[in-house]
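Chemist: Structure incoming, see below.
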Amino acid sequence: SGALAATLLLAGCSNSMNGMPGEGAPPPAESSTAPFNDADVDFAMNMVVHHTQAIEMADLLLSKEDVDTQVVELAQNIKAAQGPEIDIMNSWLDAWGAGGMAGMGHGIGETMSDDDMAALDDATGVEASRLFLEQMTVHHEGAIDMAQAEIDEGENADAIALAEKIISDQTSEISLMAEILATL
């Protein structure tokens, strides 16, 4: 079922990138009946909050003018990937009877403080590009830590497959962000 989840996740991402945001693939039916544990619930709850903040950061950046085009494209890609993942995790939480509890967990992943978000909001041009890349790198490192905890402690195969995808995707994006930062 992990391979099915990966296929559906990729299908969801490609749908979103074709101009249909929010049209992510539905979660695999077996994820609602497959075994899960508290680590799976914590992962999904905390990653929903974490991904939501990443989308807020991307939206902040995308509302600005004079931002590096590579950074704009990265922000758009982050939104396109993480929106469908939020939908999938929320559907798992509902199926697991944990819906409505999102945001109540205390994740180990780094999130941006109100001051960090205000700094990004106030920044313009190259400063906004640089700050977004620096903050999103730290944010992604937090997501990778959360995903690794799911791989180590989780039970649900689909949640573990998503955690593996998050690690792969966000590790690649961290490398890309470092390359872009070096050019600013």
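Chemist: Does any residue of the range 138-150 turn out to be touching a residue at least 40 places away in the same chain (Cβ under 8 Å), open to solvent by 10 Å² or more (accessible area, probe 1.4 Å) and farther than 17 Å from Asp38 by Cα?
Modeler: Within the range 138-150 (the criterion being touching a residue at least 40 places away in the same chain (Cβ under 8 Å), open to solvent by 10 Å² or more (accessible area, probe 1.4 Å) and farther than 17 Å from Asp38 by Cα), the answer is no, since none of the residues qualifies.
Chemist: Right, here's the next one. What number of residues within the range 116-130 satisfy the criterion of being under 14 Å from Leu62 (Cβ atoms) and hydrophobic (A, V, I, L, M, F, W, C)?
Modeler: 3
Chemist: If you don't mind, another one. Among what's in the range 151-171 and is of a type in the set (Gly, Ala, Ser) and within 18 Å of Gly83 (Cα to Cα), pick the residue that is most open to solvent (accessible area, probe 1.4 Å).
Modeler: It comes out as Ser168.
Chemist: Which one is farthest from Ala44 (Cα to Cα), of the residues in the range 123-144 that are β-branched (Val, Ile, Thr) and either in a helix (DSSP H, G or I) or in contact with a Ser or Thr (Cβ under 9 Å, 6 or more places away or on another chain) (or both)?
Modeler: Looking at the filtered set, the residue picked out is Val126.
Chemist: For Asp94, all conditions in the list (1) charged (D, E, K, R); (2) at pLDDT below 95; (3) open to solvent by less than 40 Å² (accessible area, probe 1.4 Å) hold save one; what is the number of the exception?
Modeler: Exception for Asp94: condition (3).
Chemist: Checking the conditions here, which among Gln76, Gln70, Gln82 is at pLDDT 95 or above, under 16 Å from the mean Cα position of the chain (by Cα) and surrounded by fewer than 19 Cβ atoms within 10 Å (Cβ to Cβ)?
Modeler: None of the other options fit; the residue is Gln76.
The values are calculated or read from the model by the stated rules, or taken from the named source; none is laboratory data. Note that the coordinates shown come from a computational prediction; the quantities given were computed from them, not determined experimentally. Using ideal geometry, Cβ is built from the backbone for each residue, glycine included, and neighbour counts are taken over all protein chains shown. Heavy atoms of the whole protein, side chains included, go into the accessibility calculation; ligands, DNA and RNA do not. Shrake-Rupley method; radii C 1.70, N 1.55, O 1.52, S 1.80 Å.
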